[in-house]
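Asker: Here it is, the structure, as structure tokens.
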Amino acid sequence: MDLFDTLPGLNLRVSEISPMLSSMWQASADDKRDVAATGRASQLNLVVHFGGQASAEEGLGIFNTAISFAQSYPCRIIVLCPVVSVKGADSIDAKLFSLCYVGADQRALCACEAVILGYLHQDAVHLEDLISLWLENDLPVYHWFHNVSAEALKRDVLPLLHGCRRVLFDSAVEDPALKTIRWPEPQSIADLTRSHLLPVRQSLGQFLAGYPPWQLIAGLKKVVVAYAPGHLAEAESLIDWQQKTLLHCGAKEEGVAAVVFGYEPLRVGADTSIEVRWVYADDKYLSWSFCEKRTSVHITANLGTGKVDLAQQLQLLSPEQALAEALFFAN
Amino acid sequence: MQSHDTDRHPFLQGLSRHRGVPPTVIVIFGASGDLTARKLVPAIYNLGLDNLLPSDFYLIGFGRKAIQDEAFREMTQTDVQKYSRRPLHPEFWEHLSEKVLYHTGDYDQVEAYKALGERIDVIEKNLGRDIQLLFYISTPPTVFKPILENLGASGLAARHAGTALASKIIIEKPFGRDLDSAKGLNQVLRQQFQESQVFRIDHYLGKETVQDLLVQRFSNSIFEPIWNFRYVDCIQITVAEELGVGTRGGYYDQSGALRDMIQNHTMQLLSLVAMEPPVSLSPEDIRDEKVKLLKAIQPVDLRPEGGDVIRAHYTEGLVSGERVPGYTQEQGIPADSFTETYAAIRLFINNWRWQGVPIYLRSGKRMPRRVSEIAVQFKQPPGALFSDTARFDLAPNTMVMQIQPDEGTTLLINSKIPGLETRTQPVKMHFRYSTTFGSNTPEAYERLILDAMGGDGTLFIRGDETETSWGIFTPILDFWQSGGRRGLETYASGSWGPVAADRLLWERKHEWRRPGP
């Protein structure tokens, strides 16, 4: 069973999607009230692109994240799944998913809809025109890739990105070659891993901001991020952030350009997920470690004003929070 | 990429300002009060849940009642359970409540403040770093002065002065009860704090729609060209409450609608809706424009006949189908009280933009429903094309910004009714935060407390704003005080106010709106 089959929704012909979208929230066929207007107020479009390598399990996880996101930020979701063969009468298979979400109060009441398309590789060229039928016009369009190869992206998807507000991918799962792509609008690219790590940057940032920049870089020799299995992308993102930030601390002038930045796997048996260690030429040091299971951070440091030993609570952003962060707030 | 913000520490770059607030101890004076329970503690809890509190954060309740730390933690836990917009998360609460403390002391005893300072010294020593103090004065105004003076005398007000960790103070309304007392309060505040350390809170400014006012006005090119006397017929601002005075009778009878609502909430709304574009979004530039607007308001005509002011109090009536007593039958209200529970005022702004446009403000208790809104009503289009009123039911275009209960904006436009014959009908274009952004909107107090911790005064009221506003209303209060019951109207509970208030609008062929859902 391929990904398209795994995703929930009612199988339809492509031509049935538009009429169904306009009538699906009516209580009955004779009901002419605009029922949808009270519960549905899409103000953005989210197009999810799956690659041929995306597993059914991954795909379902991404789909559920998009639906959870839509419960807070009502949006029109369009999901594009490459398939090996189509099963319906059309050249493209289609499904429509709808969910009436009722939260604790009226503020959390909304309708979520997703149009899901299964398309053959050779029909990718038609996608731009096809999805324009269902995108809410005049409203921002966001694209989210999952497990799309750089080759397929260049070939099939880049033409769809013109004028979109933001393009998302997750460096933890994507083809590293994605980083070498010449994006039409590079400023619109956002990495979900970076967004996911916002609380980590906040914790480290708030702590380090208690020290003057010059004090942080004086004598700094090495910055290491140690990561648990499966957290390499997080480690890369954190190293990249520290490297850039330390440059703003006056790194070049202080000779910190010579600081060694690196990452390494955590020692076997460690119960932490990520550790950040700063090594200095003198007796200064920083050790920041995060245990995802216990949602706790432990900081021990001496950055020139005495020893500090702190425990903090820290929870990484949920997938839908990370999605919102990446779409609206990340820079 | 975001430009490099040179004012901030490099390790806070790229984080929103709200995620980079410094280590903070919030000290709440009036810790066992209603506001603390209903708003402040839940707001702090929700900030923490959103990971927006600084990692080194403490909450200290300060009050006269002798309460142990553990008992205060239990009280605050109950507050969260009862009043938070999100349920209590036991694990998170366990972590946060470790940093919740209580300090017993008399407001007028400097020793209590010195002892508080010693507790804070211990916190700083344990943390190995300095920490900012944010004092939240949530007490009756009678004790503002001793609290402020003792914060100064104990050295707490001056702690870390001149640095980003300088002490800050949030003060709840009322900021005085007339111009003289407002000046007096500001004087006491300024003796202990710089203006940049003072955050006078009006929770209306923390509401999304109120913040959205500036965005809607100045980020859309279609509104600003028509936002003036050429196109706007009038502006109506309504702050209506369904409730009566309840158990607050004693306090309310000393205050009244003008002091309690009009002088602060409605004037803040008016400032934002009518001010000129600020030079930048910096707090001072925005507040400068608000003050300029207030200074341009013409003195109010106080004549009993044909003047600009109406006052009234409610009589017995029906609210939501239930019979309710009149104001003077309420607990704690003297039978001969002449305190107004309703006030309506017509103002004119003497500047280029608003010359001749009447601004109608009203606020009252025991009105049909709780609603706060700003309605900008535009002039009828010129020409005779649709002037046949029998055929064309044209309504004035109106832009309504609803502040509460259901935040959003509505634009009323005229449209053709489907059919062969041309007939028109007004229709509404709605934008509602609840349907567009679901449950993402934080409570006003969350936003405001966070802003104060970060030292951002944009959504707070500056000292000269309070004085300018009181300068407009003090003559009215003096006039009413000298007149006793003379000119005091009545209105039935559950109505939209006294008939006399309609006169303010009839004179210019306007009518009060009946704010609906």
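Asker: What number does region B:70-126 give for Rg over Rh if you use C-alpha atoms and the Kirkwood radius?
Answerer: Rg divided by Rh gives 1.08.
Asker: Just how far, in whole angstrom, is region B:115-139 from region A:75-92 if you go by their alpha carbon centroids?
Answerer: 60
Asker: Identify the trypsin sites (Lys or Arg not before Pro) of region B:71-120 meeting these criteria: DSSP loop state and at most 15 other C-beta atoms within 10 Å of the C-beta.
Answerer: none
Asker: Here's another thing I want to ask about it. Report, ordered by chain and residue number, the lysines lying within cross-link reach of A:K179, taken as a straight Cα distance under 22 Å and ignoring same-chain residues fewer than 8 apart.
Answerer: Here the lysines satisfying the reach criterion relative to A:K179 are A:K154, A:K244.
Asker: How do A:M20, B:M367 rank when sorted from fewest to most other Cβ atoms within 10 Å of their own Cβ?
Answerer: Fewest to most other Cβ atoms nearby, the residues stand as A:M20, B:M367.
Asker: Where a Cα-Cα gap under 23 Å defines reach, which lysines qualify for B:K114, not counting those fewer than 8 residues away within the same chain?
Answerer: Of all the lysines, those that pass the test against B:K114 - Cα under 23 Å, at least 8 places apart if same chain - are B:K65, B:K99, B:K125, B:K145, B:K168.
Asker: Given the options B:M453, B:I472, B:F92, identify the residue whose Cα lies farthest towards the positive end of the charge dipole of chain B (+1 on Cβ of Lys, Arg; -1 on Cβ of Asp, Glu).
Answerer: B:I472
Asker: Tell me which trypsin sites (Lys or Arg not before Pro) from region B:1-70 have a DSSP coil assignment and no more than 15 other beta carbons within 10 Å of their own.
Answerer: Sparse-neighbourhood loop trypsin sites (Lys or Arg not before Pro): B:K65.
Asker: Now for a different question. Could you give the size of the charge dipole of chain B about its Cα centre, using +1 on the Cβ of each K and R and -1 on the Cβ of each D and E, expressed in debye and rounded to the nearest 20?
Answerer: Computed about the Cα centre, the dipole is about 1000 debye.
Asker: With an 8 Å cut-off on Cα pairs and a minimum separation of 6 or more residues, tell me the relative contact order of region B:391-501 in percent.
Answerer: Computed value for region B:391-501: 15 percent relative contact order.
Asker: Pull up the DSSP beta bridges for region A:198-313 and report the antiparallel fraction as a percent, rounded to 5.
Answerer: 80
Asker: Also, I was wondering about something else. Rank these for me by crowding, B:K125, B:K295, going from fewest to most other beta carbons within 10 Å.
Answerer: Listing B:K125, B:K295 from fewest to most nearby Cβ atoms yields B:K125, B:K295.
Asker: While we're looking at this one, here's another question. If amide hydrogens are placed 1.01 Å from N in the peptide plane, which non-local residues have theirs closer than 5 Å to the one on B:I60?
Answerer: B:I26, B:V27, B:I28, B:L101
Asker: In deg cm²/dmol and to the nearest 500, what is the mean residue ellipticity at 222 nm of chain B if only DSSP H runs of at least 4 residues count, each as -39500 (n - 2.57), divided by the residue total?
Answerer: Taking each H run of at least 4 residues, the total per residue is -9000 deg cm²/dmol.
Asker: Counting other Cβ atoms within 10 Å of each Cβ, which GluC sites (Glu not before Pro) in region A:117-185 have at most 16 and sit in a DSSP loop?
Answerer: Passing sites in region A:117-185 are A:E136.
Asker: Further question: Sort out for me the Cα centre separation of region B:17-61 from region B:75-93, rounded to whole Å.
Answerer: 13
Asker: Kirkwood hydrodynamic radius of the protein assembly as shown from all distinct Cα pairs, in Å?
Answerer: For the protein assembly as shown, the Kirkwood estimate is 30.3 Å.
Asker: Can you order the peptides A:234-241, B:257-264, A:271-278 by their average number of other Cβ atoms within 10 Å per residue, highest first?
Answerer: Order by mean packing, descending: B:257-264, A:234-241, A:271-278.
FYI, it's all coordinate maths here, none of it is from the lab. Predicted model only: the values in this text are computed from it and were never measured. Heads up, the Cβs are rebuilt from the backbone with ideal geometry, glycines too, and the neighbour counts pull from every protein chain shown.
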